[in-house]
1. For the condition surrounded by fewer than 24 Cβ atoms within 10 Å (Cβ to Cβ), touching a residue at least 40 places away in the same chain (Cβ under 8 Å) and within 14 Å of chain B (Cβ to nearest Cβ), what is the one hit in A:Arg25, A:Arg5?
2. Sort out which residues of segment B:100-117 are surrounded by 11 or more Cβ atoms within 10 Å (Cβ to Cβ) and within 14 Å of another protein chain (Cβ to nearest Cβ), and write them in order of number.
3. When segment A:264-298 is examined, which residues are found to be assigned to a loop (DSSP other than H, G, I, E, B) and under 16 Å from B:Arg132 (Cβ atoms)?
4. Select, from A:Val300, A:Val289, the only residue that is buried (at least 24 other Cβ atoms within 10 Å of the Cβ) and either more than 12 Å from chain B (Cβ to nearest Cβ) or of a type in the set (A, V, I, L, M, F, W, C) (or both).
5. Do we find that A:Cys82 is of a type outside the set (D, E, K, R), buried (at least 17 other Cβ atoms within 10 Å of the Cβ) and free of Cβ contacts under 8 Å to residues at least 40 places away in the same chain in this structure?
6. State yes or no: is A:Cys259 within 14 Å of chain B (Cβ to nearest Cβ), under 16 Å from the mean Cα position of the chain (by Cα) and in a helix (DSSP H, G or I)?
7. Report, by residue number, each residue of segment A:246-256 that is of a type in the set (A, V, I, L, M) and facing chain B (nearest Cβ under 9 Å).
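The values are calculated or read from the model by the stated rules, or taken from the named source; none is laboratory data. Remember, it's a predicted structure, so these values are computed and weren't measured experimentally. Cβ atoms come from the backbone with ideal geometry, glycine included; neighbour counts cover every protein chain shown.
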Amino acid sequence: MSLLRPLLLDVVPTIQQTAALALGRLANYNDDLAEAVVKGDILPQLVYSLAEQNRFYKKAAAFVLRAVGKHSPQLAQAIVDCGALDTLVICLEDFDPGVKEAAAWALGYIARHNAELSQAVVDAGAVPLLVLCIQEPEIALKRIAASALSDIAKHSPELAQTVVDAGAVAHLAQMILNPDAKLKHQVLSALSQVAKHSVDLAEMVVEAEIFPVVLTCLKDKDEYVKKNACTLIREIAKHTPELSQLVVNAGGAAAVIDCIGSCKGNTRLPGIMMLGYVAAHSENLAMAVIISKGVPQLSVCLSEEPEDHIKAAAAWALGQIGRHTPEHARAVAVTNTLPVLLSLYMSTESSEDLQVKSKKAIKNILQKCTYLPALEPFLYDAPPNILKHVVGQFSKVLPHDSKARRLFVTSGGLKKVQEIKAEPGSLLQDYINSINNCYPEEIVRYYSPGYSDTLLQRVDSYQPLIN
Amino acid sequence: MATLARLQARSLTVGNEYYFRNSVVDPFRNKENDAAVKIQSWFRGCQVRAYIRHLHRIVTIIQKWWRGFLGRKQYQLTVQVAYYTMMMNLYNAMAVRIQRRWRGYRVRKYLFNYYYLKEYLRVVSETNDAIRKALEEFAEMKEREEKKANLEREEKKRDYQARKMHYLLSTKQIPGIYNSPFRKEPDPWELQLQKAKPLTHQRPKVKQKYSTSLTDWLACTSARSFPRSEILPPINRKKCQGPFRDITEVLEQRYKPLEPTLRVAEPIDELKLAREDLRRKEWLRNVNDNMFLPFSSYHKNEKYIPSMHLSSKYSPISHKEQFRSEDPKKWICDKDFQTVLPSFELFSKYGKLYSKAGQIV
């Protein structure tokens, strides 16, 4: 480092540039080397000469700043402290696209760490220039500028508002149509970071007419593009029922469900969460999700995926869909997901989060479920706290439906109910009593446990009539 | 007398009888007394009982009437209460009917329209199907484009290979490696080689020194961004053949001021404009617009005798008539022919051209 530093002040410009490049590569490789670069007091020199030198030097110096700034917030703070932001912003106004790209990249890496650094970048006046950079014809420059805007906007609503005020949303929305996959990935990420903070920002993103163009991104070959498109739709749909309705009306639900079907692993997660958010808002939207054939897809996710957090998200989404009315609960129960949820809840391998979510989902669905064939397996292997709800549901449905009563007896449900031990006076006992009241005495006695023994006892103690 | 005798006969026994009767009667007297007492008591009892019965009857009547009165009062109250209850029940039932209708109407109209929901869900599912179809088509189109691009790339690669291997083409004397005489038909590469244009040898270029560092790490490598070396590479075109002109002549030609021809300098219908200009000026000047007529009225009646030139039918040819038919319906364009034609310059550029073509060297 001590050898390189005087080379930065060399007369020959190529040596300066190469020295800067070497420093950049060193800092890029390792955290400690970047700290050494900062400690070696090189940054002020770089910043000073950034303002004056030609474009090769500017590129190399911006590369150094970027390499130092990417490792940790403290290093990025050091860069901000030596006044590099103003010179980087001046570089953003340069004619050469390579210089602009290097400067935008450095600013993006600095703003990535936390909100204060982003605020510092915004205060240096970078955002309007980044918006101009996005409109440039070079694809690489567009990519980097979009990624920098995304890093700035992700921390807080005020920063996102600044980005929107600079008029970035319209340009980003136009670039969704670009065929380059990496660019689309960055643009979608930027839009989703803007939309996630508040309803107004989400509405502004929607007003830029991204629907239904965004849906074509869901069919892209690149996994990240699909994931980011799902994330964007999720961030828009989660705020209010009206926005969710807008998404559903544009056919977003079907597109997302197809996208979930074609992805694997973590790329599915935003899509699953989006369906959950849409269904959570109102029962009409949940019904819309159901008729878009979302429930079979979600149950496939639930059973297939190896990761717990994705399973937990799928369980949560299913719970949101099924909790509104008996129709919804029936739609969920018909696909045979309830036993899967139960097994996830009972298994000791599932993480806590997964257990909690599946329990809530089961409870929510059970409280509205009147589809008895799906509830019957629960009588056999459910733990007591869930059994209570199941028996409760039976006690609500059986008094009114004679066919169901018949089915209940023939399938052995009544027998199982008799075998349940409950404390007298508890809610479970009340439910059991109300079920027993639906049937004549003889049948209840017939199915009560140990009835064959009592009968045999009676046979033993019977005195035959001797005539 | 008989009676007396009878009496005297009986008088003896009278005493006995009297004594007998008195003594005998004593228990009977007690008995009879008791009987009489009994009878009297019985009778008195009957009397009293009758009286009491009478009293009872009277009292019953009174009590009956009193109780009836009380009962009727109670009955009135009960009837009032029952009536009231019945009316309230009726009102309740009617109110329930009204409320039922109103609540149903309100829910159906303002809160939740079942048919609207059904319609909405149907529309949503239709949109979903349309979007799914559109996205499938889009994906298919993308795939097709990709395949096409791949095929084209393959073609180009093969073409390039064929161009490089062009020397392996078979000639009349020597069959090439792909055209072996032992094969039934030539290898497809043979046809490819025949189709390809031979790759020309590149002339040895001057090695350009790159500063390799600056391009490796930037994605933006368009040629505009920076040159590959400090000095520009030499232009290795062939040198121009002489002789060259005098530099002063060249500079004269390059910086010559504009000399527009007469045609360009003056407008084409300048004569017409000048005439109109003159007419306007005269109109300004004139006090009276009417044409001056001669005073003598002799000329009014005189018929004009045209000259011989004008009176023959063999009039001078008017070019207009010669070239254009007289029937205006046959004219293609309704505009008139141009009478003023553009000039052509024959000698305007004489001695002023830059090239030496046609000049006597």
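1. Answer to the check: A:Arg25.
2. Kept after step one, since they are surrounded by 11 or more Cβ atoms within 10 Å (Cβ to Cβ), are these residues of segment B:100-117: B:103, B:106-108, B:112-113, B:116-117.
Result: B:Phe112, B:Asn113, B:Tyr116, B:Leu117.
3. Here is the first cut: in segment A:264-298, the residues assigned to a loop (DSSP other than H, G, I, E, B) are A:264, A:282, A:292-293.
Once the filter is applied, which keeps residues that are assigned to a loop (DSSP other than H, G, I, E, B) and under 16 Å from B:Arg132 (Cβ atoms), segment A:264-298 yields A:Ser292, A:Lys293.
4. A:Val289
5. So A:Cys82 passes the test.
6. So A:Cys259 passes the test.
7. Answer for segment A:246-256, where residues must be of a type in the set (A, V, I, L, M) and facing chain B (nearest Cβ under 9 Å): A:Val248, A:Ala250, A:Ala253, A:Ala254, A:Ala255.
Yes or no, residue by residue, for (1) assigned to a helix (DSSP H, G or I); (2) more than 14 Å from chain B (Cβ to nearest Cβ); (3) surrounded by fewer than 18 Cβ atoms within 10 Å (Cβ to Cβ); (4) modelled with pLDDT of 90 or more:
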site: A:Lys58; (1), (2), (3), (4): yes, no, no, no
site: A:Phe63; (1), (2), (3), (4): yes, no, no, yes
site: A:Arg66; (1), (2), (3), (4): yes, no, no, yes
site: A:Ala78; (1), (2), (3), (4): yes, yes, no, no
site: A:Thr87; (1), (2), (3), (4): yes, yes, no, no
site: A:Cys91; (1), (2), (3), (4): yes, no, no, no
